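Chemist: Quick one: the structure is below, questions incoming.
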Amino acid sequence: MCVFCKIVNGEIPAYKVYEDEDFLAFLDIAQASVGHTLVVPKKHFSNFLEADEETISKLFVLAAKLAKQITQNLEVAGFNILNNNGTVAGQSVNHLHVHILPRYEHDSITIKFAQNHLSESEMQALIARISHK
Ligand code: 5GP
Ligand code: ZN
């Protein structure tokens, strides 16, 4: 059984932020920023690709609600919502989850995107590949 299923089942403890019949939110053990929270469906899905649409939509609606609550109660200026899928993307626990990362001036989180420029034809080819069904 995965570590988040164990938390859901109460086999290992967690600091719970929110709980209902289908979802649980708890503080990440490694507080990347103060208030770093994980939101998980109680049912085990490895990642985004495995989960059904209802779970995905409810998960994000709940993440948005909790982000608002955390923002107000911790008085933070902003936050990141993050979801890692696959080892290459940094997923270390294979139970679908969303990170809520409250952000503070001079915190130690670095999320930077490279600035890569493709040619017009490369962009067109990319669109064709992405749109292919
Ligand atoms: P991922 O890297 O898969 O997107 O995120 C997994 C997160 O789960 C990490 O930020 C890690 O700190 C957190 N985590 C791993 N094990 C536990 C645990 O036993 N309890 C809690 N609260 N968080 C955990
Ligand atoms: Zn699980």
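Chemist: Pick from Lys112, Lys133, Lys58: which is charged (D, E, K, R) and either open to solvent by less than 80 Å² (accessible area, probe 1.4 Å) or under 19 Å from Tyr18 (Cα atoms) (or both)?
Modeler: Just one listed residue meets the conditions, Lys58.
Chemist: Run down Lys43, Lys16 and say which single residue is among the basic types (Lys, Arg) and under 30 Å from Glu75 (Cβ atoms).
Modeler: Working: Lys43 fails: under 30 Å from Glu75 (Cβ atoms).
On inspection, the qualifying residue turns out to be Lys16.
Chemist: State all residues of segment 1-45 that are more than 10 Å from ligand 1 (Cβ to nearest atom), in a loop (DSSP other than H, G, I, E, B) and open to solvent by less than 80 Å² (accessible area, probe 1.4 Å); if no residue qualifies, say none.
Modeler: Gly10, Asp20, Asp22, Ser33, Gly35, Lys42, His44, Phe45 - these are the residues of segment 1-45 that are more than 10 Å from ligand 1 (Cβ to nearest atom), in a loop (DSSP other than H, G, I, E, B) and open to solvent by less than 80 Å² (accessible area, probe 1.4 Å).
Chemist: Now for a different question. In the list Leu66, Leu24, Leu62, which residue meets the criterion of being within 16 Å of the chain's Cα centre (by Cα) and either of a type in the set (Phe, Trp, Tyr) or within 16 Å of ligand 2 (Cβ to nearest atom) (or both)?
Modeler: Values: Leu66 fails: either of a type in the set (Phe, Trp, Tyr) or within 16 Å of ligand 2 (Cβ to nearest atom) (or both); Leu62 fails: either of a type in the set (Phe, Trp, Tyr) or within 16 Å of ligand 2 (Cβ to nearest atom) (or both).
The unique qualifying residue is Leu24.
Chemist: Do any residues in segment 86-105 that are more than 18 Å from Lys42 (Cα to Cα) have Cβ atoms under 6 Å from those of residues that are open to solvent by less than 50 Å² (accessible area, probe 1.4 Å) and of a type in the set (D, E, K, R), where the two are at least six apart or on different chains, and which pairs are they?
Modeler: Listed pairs, sorted by first residue: none to list.
The values are calculated or read from the model by the stated rules, or taken from the named source; none is laboratory data. Remember, it's a predicted structure, so these values are computed and weren't measured experimentally. Reconstructed Cβ throughout: ideal geometry from the backbone, glycine too, with neighbour counts over all protein chains shown. Note: accessible area is taken over every heavy atom of the protein model, side chains too, but ligands, DNA and RNA are not part of it. Shrake-Rupley method; radii C 1.70, N 1.55, O 1.52, S 1.80 Å.
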